[in-house]
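The values are calculated or read from the model by the stated rules, or taken from the named source; none is laboratory data. Computed from a prediction, not measured in an experiment: that's the story for all the values here. All Cβ positions, glycine included, derive from the backbone under ideal geometry; neighbour counts span all protein chains shown. Ligands, DNA and RNA are excluded from the accessible area calculation, which covers all protein heavy atoms including side chains. Shrake-Rupley method; radii C 1.70, N 1.55, O 1.52, S 1.80 Å.
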Amino acid sequence: MGEVSYLRLPHLSGDLLCFVAEDDLWLAPLDGAERAWRLTVDRTKTGHPRFSPDGRHIAYTSWRSLAPEIHLVPVDGGPGRQLSYWGSTDTRVCGWAPPDEHGHTAILAVTSHGEPFSYFTWAYKVDTDGSPGRKLPWGPVADIQAADLDGERKSLLLTGTPPHEPASWKRYRGGAMGRLWLHGQRLLAGIDGHLACPMFVGGRIAFLSDHEGVGNLYSCAYDGSDLRRHTDHDAFYARHASSDGDRVVYQCAGDLWMVDDLSPDSVPHRLEVRLSGP
(Lines give C-alpha, C1' and ligand atoms only; values in the text may rest on other atoms or scores of the structure.)
Protein backbone atom coordinates (compact mmCIF):
# COMPACT_ATOMS: atom_id res chain seq x y z
CA MET A 1 0.00 0.00 0.00
CA GLY A 2 1.43 3.40 -0.93
CA GLU A 3 1.90 6.33 1.39
CA VAL A 4 -1.09 8.57 1.96
CA SER A 5 -0.55 12.20 2.90
CA TYR A 6 -2.29 15.56 2.59
CA LEU A 7 0.16 18.34 1.77
CA ARG A 8 -0.79 22.03 1.81
CA LEU A 9 0.43 25.61 1.55
CA PRO A 10 3.75 25.16 -0.30
CA HIS A 11 6.58 27.60 -0.92
CA LEU A 12 10.05 27.07 -2.37
CA SER A 13 13.57 28.46 -2.32
CA GLY A 14 16.38 27.04 -4.45
CA ASP A 15 16.14 23.26 -4.34
CA LEU A 16 14.14 23.23 -1.10
CA LEU A 17 10.38 22.93 -0.65
CA CYS A 18 8.43 23.97 2.46
CA PHE A 19 4.85 22.91 3.11
CA VAL A 20 2.34 22.17 5.86
CA ALA A 21 1.35 18.65 6.91
CA GLU A 22 0.01 17.36 10.24
CA ASP A 23 -0.24 21.00 11.38
CA ASP A 24 3.53 21.55 11.20
CA LEU A 25 6.04 22.95 8.72
CA TRP A 26 8.06 20.40 6.75
CA LEU A 27 11.04 20.74 4.42
CA ALA A 28 11.85 18.46 1.50
CA PRO A 29 14.18 18.44 -1.51
CA LEU A 30 12.41 19.37 -4.72
CA ASP A 31 13.75 16.32 -6.53
CA GLY A 32 12.09 13.94 -4.06
CA ALA A 33 15.37 12.09 -3.50
CA GLU A 34 15.08 12.19 0.30
CA ARG A 35 12.31 12.02 2.82
CA ALA A 36 10.83 15.27 4.13
CA TRP A 37 11.71 16.36 7.65
CA ARG A 38 9.67 18.23 10.21
CA LEU A 39 10.78 21.81 10.96
CA THR A 40 8.27 22.77 13.67
CA VAL A 41 6.48 20.90 16.44
CA ASP A 42 3.95 23.55 17.41
CA ARG A 43 1.13 21.02 17.94
CA THR A 44 -1.34 23.56 16.62
CA LYS A 45 -2.60 24.93 13.33
CA THR A 46 0.14 26.36 11.10
CA GLY A 47 -0.08 28.12 7.75
CA HIS A 48 1.36 30.16 4.87
CA PRO A 49 5.13 29.61 5.18
CA ARG A 50 7.34 31.97 3.16
CA PHE A 51 11.11 31.67 2.71
CA SER A 52 13.10 34.86 3.28
CA PRO A 53 14.86 36.24 0.16
CA ASP A 54 18.19 34.74 1.32
CA GLY A 55 16.54 31.37 2.02
CA ARG A 56 17.76 31.26 5.63
CA HIS A 57 14.47 31.82 7.49
CA ILE A 58 10.80 31.03 7.08
CA ALA A 59 8.03 33.37 8.21
CA TYR A 60 4.72 31.65 8.86
CA THR A 61 1.41 31.99 10.65
CA SER A 62 0.95 29.96 13.83
CA TRP A 63 -2.03 29.53 16.16
CA ARG A 64 0.13 28.71 19.22
CA SER A 65 -1.44 31.60 21.13
CA LEU A 66 -4.98 30.69 19.90
CA ALA A 67 -5.17 33.70 17.58
CA PRO A 68 -2.91 33.50 14.50
CA GLU A 69 0.38 35.40 14.83
CA ILE A 70 3.53 35.80 12.73
CA HIS A 71 6.41 33.52 13.67
CA LEU A 72 9.95 33.20 12.28
CA VAL A 73 12.02 30.00 12.26
CA PRO A 74 15.54 29.26 10.89
CA VAL A 75 15.63 26.86 7.94
CA ASP A 76 18.51 24.98 9.61
CA GLY A 77 16.32 24.30 12.65
CA GLY A 78 16.18 25.65 16.16
CA PRO A 79 13.73 27.68 18.20
CA GLY A 80 11.36 30.00 16.40
CA ARG A 81 10.30 33.50 17.48
CA GLN A 82 6.90 35.14 17.65
CA LEU A 83 6.97 38.54 15.94
CA SER A 84 3.40 39.83 16.22
CA TYR A 85 0.96 40.15 19.12
CA TRP A 86 -2.11 41.45 17.32
CA GLY A 87 -4.75 39.01 18.58
CA SER A 88 -6.54 39.18 15.22
CA THR A 89 -8.36 36.17 13.80
CA ASP A 90 -7.29 37.05 10.24
CA THR A 91 -3.51 37.56 10.53
CA ARG A 92 -1.69 35.91 7.63
CA VAL A 93 1.84 36.01 6.25
CA CYS A 94 1.85 37.01 2.55
CA GLY A 95 5.56 37.12 1.72
CA TRP A 96 8.65 39.30 2.02
CA ALA A 97 9.51 42.75 0.75
CA PRO A 98 12.61 42.96 -1.48
CA PRO A 99 15.80 43.96 0.39
CA ASP A 100 16.46 47.69 0.67
CA GLU A 101 19.75 49.47 -0.13
CA HIS A 102 21.17 48.23 3.19
CA GLY A 103 20.16 44.63 2.56
CA HIS A 104 17.36 44.72 5.13
CA THR A 105 14.08 43.05 4.36
CA ALA A 106 10.74 42.70 6.13
CA ILE A 107 7.74 40.40 6.21
CA LEU A 108 4.55 41.39 4.39
CA ALA A 109 1.34 40.37 6.14
CA VAL A 110 -2.34 41.21 6.41
CA THR A 111 -4.38 41.50 9.60
CA SER A 112 -7.61 43.00 10.88
CA HIS A 113 -5.88 44.20 14.05
CA GLY A 114 -7.57 47.39 15.26
CA GLU A 115 -10.26 47.29 12.57
CA PRO A 116 -14.03 47.36 13.29
CA PHE A 117 -14.70 44.22 11.21
CA SER A 118 -12.60 41.07 10.85
CA TYR A 119 -12.83 41.10 7.06
CA PHE A 120 -11.17 44.54 6.90
CA THR A 121 -7.62 43.25 6.71
CA TRP A 122 -4.90 45.84 6.10
CA ALA A 123 -1.37 45.24 4.87
CA TYR A 124 1.53 45.51 7.31
CA LYS A 125 5.31 45.44 7.04
CA VAL A 126 6.92 43.57 9.95
CA ASP A 127 10.62 43.68 10.77
CA THR A 128 12.34 40.53 11.97
CA ASP A 129 13.72 42.21 15.11
CA GLY A 130 10.33 42.04 16.83
CA SER A 131 9.50 45.75 16.56
CA PRO A 132 5.84 46.64 15.95
CA GLY A 133 4.61 46.23 12.40
CA ARG A 134 4.07 49.29 10.21
CA LYS A 135 0.60 49.71 8.71
CA LEU A 136 0.70 50.29 4.95
CA PRO A 137 -1.51 52.99 3.40
CA TRP A 138 -3.63 51.15 0.83
CA GLY A 139 -6.80 50.48 2.78
CA PRO A 140 -8.36 47.02 3.19
CA VAL A 141 -6.51 44.41 1.14
CA ALA A 142 -6.63 40.62 1.09
CA ASP A 143 -3.12 40.01 -0.24
CA ILE A 144 0.03 42.00 -0.95
CA GLN A 145 3.22 41.34 -2.89
CA ALA A 146 6.09 43.68 -3.72
CA ALA A 147 8.88 43.67 -6.29
CA ASP A 148 11.44 46.00 -7.82
CA LEU A 149 10.49 46.61 -11.46
CA ASP A 150 12.66 48.86 -13.63
CA GLY A 151 14.32 50.31 -10.55
CA GLU A 152 11.05 51.16 -8.79
CA ARG A 153 9.36 49.34 -5.91
CA LYS A 154 5.91 48.21 -7.10
CA SER A 155 3.02 46.82 -5.07
CA LEU A 156 0.62 44.09 -6.19
CA LEU A 157 -2.63 44.15 -4.22
CA LEU A 158 -5.73 41.99 -4.08
CA THR A 159 -8.81 43.75 -2.72
CA GLY A 160 -12.52 43.11 -2.31
CA THR A 161 -12.41 39.38 -1.64
CA PRO A 162 -14.54 37.55 0.96
CA PRO A 163 -12.78 36.17 4.06
CA HIS A 164 -12.35 32.71 2.54
CA GLU A 165 -10.39 31.31 -0.37
CA PRO A 166 -12.11 30.64 -3.74
CA ALA A 167 -12.36 26.88 -3.11
CA SER A 168 -14.87 27.75 -0.36
CA TRP A 169 -16.85 30.01 -2.71
CA LYS A 170 -16.84 27.91 -5.86
CA ARG A 171 -18.23 29.70 -8.92
CA TYR A 172 -19.35 32.68 -6.87
CA ARG A 173 -20.08 35.63 -9.16
CA GLY A 174 -21.30 38.33 -6.79
CA GLY A 175 -19.90 41.65 -5.70
CA ALA A 176 -17.20 40.20 -3.45
CA MET A 177 -15.05 38.90 -6.30
CA GLY A 178 -11.44 40.00 -5.94
CA ARG A 179 -9.88 42.99 -7.70
CA LEU A 180 -6.24 42.98 -8.74
CA TRP A 181 -4.12 46.16 -8.66
CA LEU A 182 -0.56 46.73 -9.86
CA HIS A 183 0.71 49.93 -8.27
CA GLY A 184 -2.68 51.64 -8.44
CA GLN A 185 -3.71 50.34 -11.86
CA ARG A 186 -6.48 47.77 -11.92
CA LEU A 187 -5.81 44.64 -13.97
CA LEU A 188 -8.33 42.27 -15.57
CA ALA A 189 -11.39 44.27 -14.61
CA GLY A 190 -13.56 42.22 -16.97
CA ILE A 191 -12.64 38.78 -15.66
CA ASP A 192 -15.77 37.11 -14.30
CA GLY A 193 -14.52 34.98 -11.43
CA HIS A 194 -12.64 34.78 -8.18
CA LEU A 195 -9.02 35.90 -7.97
CA ALA A 196 -6.49 34.69 -5.41
CA CYS A 197 -2.76 34.43 -4.70
CA PRO A 198 -1.33 37.26 -6.86
CA MET A 199 2.38 36.83 -7.63
CA PHE A 200 5.25 38.47 -9.52
CA VAL A 201 6.66 35.65 -11.65
CA GLY A 202 9.17 35.86 -14.48
CA GLY A 203 8.16 39.30 -15.76
CA ARG A 204 4.43 38.56 -15.49
CA ILE A 205 1.60 38.63 -12.95
CA ALA A 206 0.39 35.16 -11.94
CA PHE A 207 -2.76 34.36 -9.98
CA LEU A 208 -5.44 31.74 -9.36
CA SER A 209 -8.91 32.15 -10.82
CA ASP A 210 -12.07 30.10 -11.39
CA HIS A 211 -13.56 32.32 -14.10
CA GLU A 212 -13.58 29.29 -16.44
CA GLY A 213 -15.32 27.04 -13.92
CA VAL A 214 -12.54 25.44 -11.84
CA GLY A 215 -9.68 27.18 -10.03
CA ASN A 216 -6.50 27.11 -12.13
CA LEU A 217 -3.27 29.07 -12.51
CA TYR A 218 -3.24 31.99 -14.94
CA SER A 219 -0.90 34.85 -15.78
CA CYS A 220 -0.97 38.15 -17.64
CA ALA A 221 1.39 40.91 -18.68
CA TYR A 222 1.94 43.90 -16.39
CA ASP A 223 -0.75 45.83 -18.27
CA GLY A 224 -3.32 43.02 -18.00
CA SER A 225 -2.96 41.81 -21.59
CA ASP A 226 -1.87 38.37 -22.88
CA LEU A 227 -3.92 36.28 -20.45
CA ARG A 228 -2.58 32.70 -20.29
CA ARG A 229 -3.81 29.57 -18.57
CA HIS A 230 -1.06 27.31 -17.21
CA THR A 231 -2.93 24.42 -15.54
CA ASP A 232 -5.94 22.29 -16.51
CA HIS A 233 -7.34 20.84 -13.31
CA ASP A 234 -10.99 19.91 -13.89
CA ALA A 235 -12.05 18.31 -10.59
CA PHE A 236 -10.24 19.95 -7.67
CA TYR A 237 -9.22 23.59 -7.42
CA ALA A 238 -5.62 24.75 -7.63
CA ARG A 239 -5.09 26.40 -4.24
CA HIS A 240 -2.53 28.30 -2.16
CA ALA A 241 -0.15 29.16 -4.99
CA SER A 242 3.18 30.83 -4.21
CA SER A 243 6.37 31.62 -6.09
CA ASP A 244 10.08 32.27 -5.76
CA GLY A 245 9.87 34.77 -8.61
CA ASP A 246 10.50 32.22 -11.36
CA ARG A 247 8.56 29.07 -10.47
CA VAL A 248 5.09 28.54 -9.02
CA VAL A 249 4.08 25.83 -6.55
CA TYR A 250 0.53 25.13 -5.47
CA GLN A 251 -1.77 22.58 -3.87
CA CYS A 252 -4.42 20.56 -5.69
CA ALA A 253 -6.41 18.12 -3.56
CA GLY A 254 -3.70 16.71 -1.23
CA ASP A 255 -0.84 16.92 -3.71
CA LEU A 256 1.72 19.60 -4.48
CA TRP A 257 2.37 20.73 -8.06
CA MET A 258 4.92 22.98 -9.71
CA VAL A 259 5.00 25.08 -12.89
CA ASP A 260 8.61 25.72 -13.92
CA ASP A 261 7.90 28.90 -15.90
CA LEU A 262 5.02 30.89 -17.38
CA SER A 263 5.78 30.26 -21.04
CA PRO A 264 2.79 29.28 -23.22
CA ASP A 265 3.99 25.67 -23.46
CA SER A 266 4.77 25.14 -19.77
CA VAL A 267 3.32 21.96 -18.26
CA PRO A 268 2.68 21.52 -14.52
CA HIS A 269 4.08 18.45 -12.81
CA ARG A 270 3.30 16.82 -9.49
CA LEU A 271 6.03 16.89 -6.85
CA GLU A 272 7.06 13.64 -5.22
CA VAL A 273 7.19 14.17 -1.46
CA ARG A 274 7.71 11.42 1.13
CA LEU A 275 6.96 12.24 4.75
CA SER A 276 9.22 10.76 7.42
CA GLY A 277 6.53 10.68 10.11
CA PRO A 278 3.93 7.99 10.80
Q: Could you please tell me which pairs satisfy a Cβ distance under 6 Å, a separation of 6+ or placement on different chains, a first residue in the range 69-83 that is of a type in the set (A, V, I, L, M, F, W, C), and a second residue that is part of a strand (DSSP E or B) and open to solvent by 40 Å² or more (accessible area, probe 1.4 Å)?
A: Leu72/His57; Leu72/Arg81
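Out of all the residues in the range 232-278, which are hydroxyl-bearing (Ser, Thr, Tyr), under 30 Å from Asp150 (Cβ atoms) and surrounded by fewer than 21 Cβ atoms within 10 Å (Cβ to Cβ)?
Ser263, Ser266
So that you can scan it fast, the table gives a plain yes or no per residue for (1) over 20 Å from Ser118 (Cβ atoms); (2) of a type in the set (Val, Ile, Thr):
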position	(1), (2)
Asp24	yes, no
Ala28	yes, no
Ala33	yes, no
Ala36	yes, no
Val41	yes, yes
Arg56	yes, no
Thr61	no, yes
Ile70	no, yes
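Looking at the structure I just gave you, is Ser88 surrounded by 22 or more Cβ atoms within 10 Å (Cβ to Cβ), hydroxyl-bearing (Ser, Thr, Tyr), under 20 Å from the mean Cα position of the chain (by Cα) and assigned to a loop (DSSP other than H, G, I, E, B)? Give the derivation first.
On the way: surrounded by 22 or more Cβ atoms within 10 Å (Cβ to Cβ): no; hydroxyl-bearing (Ser, Thr, Tyr): yes; under 20 Å from the mean Cα position of the chain (by Cα): yes; assigned to a loop (DSSP other than H, G, I, E, B): yes.
No, not satisfied.
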Q) open to solvent by 30 Å² or more (accessible area, probe 1.4 Å) and either acidic (Asp, Glu) or over 28 Å from Arg8 (Cα atoms) (or both), is that true of Gly130? A) no
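Looking only at the range 91-127, filter to residues that are among the aromatic types (Phe, Trp, Tyr) and either assigned to a strand (DSSP E or B) or within 17 Å of Leu157 (Cβ to Cβ) (or both); which one of those is least open to solvent (accessible area, probe 1.4 Å)? Walk me through it before giving the result.
Filtering the range 91-127 for residues among the aromatic types (Phe, Trp, Tyr) gives 96, 117, 119-120, 122, 124.
Retained after the next criterion (residues that are either assigned to a strand (DSSP E or B) or within 17 Å of Leu157 (Cβ to Cβ) (or both)): 96, 119-120, 122, 124.
Values: Trp96: 32, Tyr119: 126, Phe120: 69, Trp122: 58, Tyr124: 17 Å².
Result: Tyr124.
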**Q.** Qualifying residue in the range 167-174 (condition: among the small types (Gly, Ala, Ser), farther than 26 Å from Gly215 by Cβ and in a loop (DSSP other than H, G, I, E, B))
**A.** no
Q. Considering only the range 65-85, how many residues are under 22 Å from Asp143 (Cα atoms), open to solvent by 10 Å² or more (accessible area, probe 1.4 Å) and either small (Gly, Ala, Ser) or touching a Cys at 6+ places or on another chain (Cβ under 7 Å) (or both)?
A. 1
Q.
Please go through the range 24-41 and give me each residue that is more than 17 Å from the chain's Cα centre (by Cα) and either closer than 17 Å to Val93 by Cβ or assigned to a strand (DSSP E or B) (or both), ordered by number.
A. Ala28, Pro29, Trp37, Arg38, Leu39, Thr40
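Out of the residues in the range 140-174 that are among the acidic types (Asp, Glu) and over 17 Å from Val201 (Cβ atoms), state the one that is least open to solvent (accessible area, probe 1.4 Å). Step through it out loud before you land on a result.
Going through the range 140-174, the residues among the acidic types (Asp, Glu) turn out to be 143, 148, 150, 152, 165.
After this cut, where a residue has to be over 17 Å from Val201 (Cβ atoms) as well, the list is 152, 165.
Numbers: Glu152: 89, Glu165: 49 Å².
Taking the candidates together, the pick is Glu165.
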